[in-house]
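Taking it in order: structure first as structure tokens, then the write-up.
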């Protein structure tokens, strides 16, 4: 696992392996926040299109918009049914 060290000026150099994987370049700005005791850095000026292809489909191929819509609809329907089933026990 790559590591980083805070300098005396409070600066951290992001390891090259991570910069390359996320396609980060000089001047990239980040949103910073604490999440469950960890620092979360989210690139501020990186287009979502730049990140395209970083996460692979479990199907091993590109997923169409129609397939995404279908998966969302299924999840919403299942969540709705779960909520309704919970209210029936009240």
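None of the figures in this text is laboratory data; all of them are computed from the coordinates on show. The structure displayed is predicted, hence computed values, not measured ones. Reconstructed Cβ throughout: ideal geometry from the backbone, glycine too, with neighbour counts over all protein chains shown.
Could you give the length gained on full extension between residue 71 and residue 35, defined as 0.36 nm per residue of separation minus the Cα-Cα distance, in nm?
10.2 nm
To the nearest 0.05, what FRET efficiency results for residue 13 and residue 78 with a Förster distance of 35 Å applied to their C-beta separation?
0.20
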